[in-house]
2 protein chains.
Amino acid sequence: MSAKAPTVYDVAEHAGVSIATVSRVLRRPADVREATRERVLASVRALGYVPSASARGLAARRTGVVGLFFPDFDAMRETTSFVPDRSGTVPVVRDHASDDDGAAGSDLLYFDEVLRGAEIEAWRNGFVLLVGVGRGADSHTIVSDIAGRVDGLAVLAGSVPDEMLEHIARRIPVVLIAGPRRDDDFDHVSVDNRAGMRALVEHVFAAREADGMLYIRGSIETPDDIERYEGFQDAIAAHPIETRPGVSVVSAEFSRDRARDVATSLVSSGHIPDAIVCANDQMALGVLDALQAHGIAVPGRVLVAGFDGIDAGRHSVPRLTTVRQPMEDLGRAAVHVLSGRLGDPSQPPVTLRLPVSVLVRESTAP
Amino acid sequence: MSAKAPTVYDVAEHAGVSIATVSRVLRRPADVREATRERVLASVRALGYVPSASARGLAARRTGVVGLFFPDFDAMRETTSFVPDRSGTVPVVRDHASDDDGAAGSDLLYFDEVLRGAEIEAWRNGFVLLVGVGRGADSHTIVSDIAGRVDGLAVLAGSVPDEMLEHIARRIPVVLIAGPRRDDDFDHVSVDNRAGMRALVEHVFAAREADGMLYIRGSIETPDDIERYEGFQDAIAAHPIETRPGVSVVSAEFSRDRARDVATSLVSSGHIPDAIVCANDQMALGVLDALQAHGIAVPGRVLVAGFDGIDAGRHSVPRLTTVRQPMEDLGRAAVHVLSGRLGDPSQPPVTLRLPVSVLVRESTAP
DNA sequence: GAAAAGGATGTATGCGCATACAGTGGGGTC
DNA sequence: GACCCCACTGTATGCGCATACATCCTTTTC
């Protein structure tokens, strides 16, 4: 706010020492005699000195910041200019209950949890966290805006073009979150989608002799969907498919609406399976929507299960059995790995698989 | 990752131009002839050049980063070292429903929403967001860690000692979130607690001729509690207290447990009011706990209302009438104001009061 | 009590970039 | 054809700090 922010030079002059001593007081206090140190600190307070991270970063060749990059967490969001509303009135809104977890509620998102974990681990390792959200901005901007400011970057897999990742990785370590390892040299942290889905499907089989089971896939190209589908196949293999002629698979693009449609046409056709397992919770909720609309009992007539552990699944009726991903741990792991690599850049690429757990709730009650 | 990150000098040499031209290509492309520009960009790609934000910040005297500082959002949190669990087993957990929104669920927190709003607005204004969470670290560290890295800082009121705020404010603009204006020169953004509570209490009176009303305060010293209490008094004044001999006030420290105790002893005493309005949702939920434990109908016998609009209130039975704070807007407003001040440092201190809204749900149904 | 060994502090330099200012050259003007 | 103007590019400098190295002063050693 003042005309000009004080620098080390100002502090040095005020305290009657050299700038080297000022710098030492701040960086390695033990190297300075106590009397001198106190004098310098007094000047720091008197002048309101705050060291410039830019200058420090330049000189020290490290910023002390790690970045977390996510794709747009809500593309629908208004990105209109923020215009403060100063009217003094208080609207009274009648908030009707609604199964559809739409506009009314804002449940905890994937993003928020990962972020929280990342922040915690960054702090524990002496870093500060920089948050970047991609919004279709041309990727070039992303590089300049984030990569140049941090010592390391955690990126949600699939949110940044490979070529750009390579570019960034030439300068700083990059950790991919939630993607599978490919033929790259990045560090990876992800959850065990395959084992999780396998365990989920096995739970469903254990809950009921589900002769007819429908598995609803998400977006087929995505790593998550592929891995979960493999887990599904693992479980099916354990229960020879020949004895389960009713097993079938469709895709609903990870969309609640799409899954609702799928389930609706299923009901119309009359071929209702004994269990429906979905590659994510949103689709499972869509299935619940459709079944309840047609008066088909869950879990009475059909068992339903999802994957992710989103909040909405805790509040649906019936509550949704799912596979809970340790999202916060994902964030922590990502920064943990980053921190490790910054400490030892030569270590071989790391791949961390975090365990998931099946949350059994009423939607698959025997 | 490479031995040494390329700099402008490397790019300049590779492209056969001067560093000034390289810098221009990146900062003001229009000032460079297209042929030259393309050549430089090709070199940038070829070398994997990423500009150093530290150097840029030093030279340009601005970082392009705004900070958001919060106090520890969960002091209980494990801050143990993160140890990845590599076991391949998938635990199957039976997740029982429970009214107490305790360990099981992680609902969207105040923090997450404000953060999200801040990120959005930062992006819209060409800034990147730096997140800092205070954890009892000595405040000196905070200054160095955050203030030196950003062009402006948004701080949750009360999370940083005044003296430190003054210190920081000598270097960069500071915006206080959610606190009332005091005799300071900071910019402020907050919600209209007073008008919100007044509207809430008036709604309750409108819903029922509540002769006996209990108002449960939070932590009496906090600005939020004080403002809400004033709002309560406003509403009471409109309904002359002499005609409402049953109006009384107690405090429960914003704690669910404390409020539960208060309500329990109320029931024991037999003096059950017609309506209970709490200074936050947590306490209202505690009241619901106690009343339901004693079989007292809500809203049949007693109306209950809270303040904040937390997620748990959307899932309680009955659903809780409350005052919803626009947390995301708070974050947006904070960065909006910061951005404005960075554009015109001389403008007088800004105070933004964001409107709240009463969410009417079943806990106050007539 | 003199010299060696530390301990404390100062001096000088470079980190990588933006930018004011100084060229440099090509096209237009009369 | 000489001159001016404008568009483009290069040169030189400083941003604020960390740190290697030099210097000076205080102990310690014998």
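What the table below lists for this structure:
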{"quantity": "Flag for residue A:17 being surrounded by 13 or more Cβ atoms within 10 Å (Cβ to Cβ) and more than 30 Å from residue A:151 (Cα to Cα)", "calculated": "yes"}
{"quantity": "Search result, residues across the range B:329-361 that are at the interface with another protein chain (Cβ under 8 Å from one of its Cβ atoms) and among the charged types (D, E, K, R)", "calculated": "B:329, B:332, B:353, B:361"}
{"quantity": "Residue list for the range A:185-229, filter: more than 27 Å from residue A:365 (Cβ to Cβ) and not in a helix (DSSP H, G or I)", "calculated": "A:185, A:186, A:187, A:188, A:189, A:190, A:219, A:220, A:221, A:222"}
{"quantity": "Qualifying strands (runs of 3 or more DSSP E) (wholly inside the range A:255-350; at least 2 residues being on the phi < 0 side of the Ramachandran plot and over 20 Å from the mean Cα position of the chain (by Cα))", "calculated": "A:275-278, A:303-305"}
{"quantity": "In the range B:1-14, residue surrounded by the most Cβ atoms within 10 Å (Cβ to Cβ) [restricted to those that are within 14 Å of chain A (Cβ to nearest Cβ) and either near DNA strand C (Cβ under 6 Å from one of its atoms) or under 30 Å from residue A:5 (Cβ atoms) (or both)]", "calculated": "B:8"}
{"quantity": "Qualifying positions in the range A:31-45 - without any contact (Cβ under 8 Å) to a residue 24 or more places away in the chain, out of contact with any helix residue (DSSP H, G or I) (no Cβ under 6 Å at 6 or more places or on another chain) and not acidic (Asp, Glu)", "calculated": "A:33, A:35, A:36, A:41, A:45"}
{"quantity": "Count of the range A:21-36 residues which are more than 18 Å from residue B:144 (Cβ to Cβ) and within 6 Å of DNA strand C (Cβ to nearest atom)", "calculated": "2"}
{"quantity": "Flag if residue B:313 is under 28 Å from residue B:268 (Cβ atoms) and at pLDDT below 90", "calculated": "yes"}
{"quantity": "Residue tally, condition of a type outside the set (Gly, Ala, Ser) and in contact with an Asp or Glu (Cβ under 7 Å, 6 or more places away or on another chain), over the range A:115-131", "calculated": "4"}
{"quantity": "Residue satisfying condition, being among the acidic types (Asp, Glu), surrounded by 16 or more Cβ atoms within 10 Å (Cβ to Cβ), modelled with pLDDT of 85 or more and farther than 24 Å from residue A:158 by Cα, within set A:225, A:261, A:274, A:281", "calculated": "A:274"}
{"quantity": "Qualifying residue in the range A:49-58 (condition: near DNA strand C (Cβ under 8 Å from one of its atoms) and more than 9 Å from chain B (Cβ to nearest Cβ))", "calculated": "no"}
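The values are calculated or read from the model by the stated rules, or taken from the named source; none is laboratory data. For clarity, every value in this text was computed on a predicted model and none was experimentally measured. Note: ideal-geometry Cβ built from the backbone for every residue, glycine included; neighbour counts use all protein chains shown.
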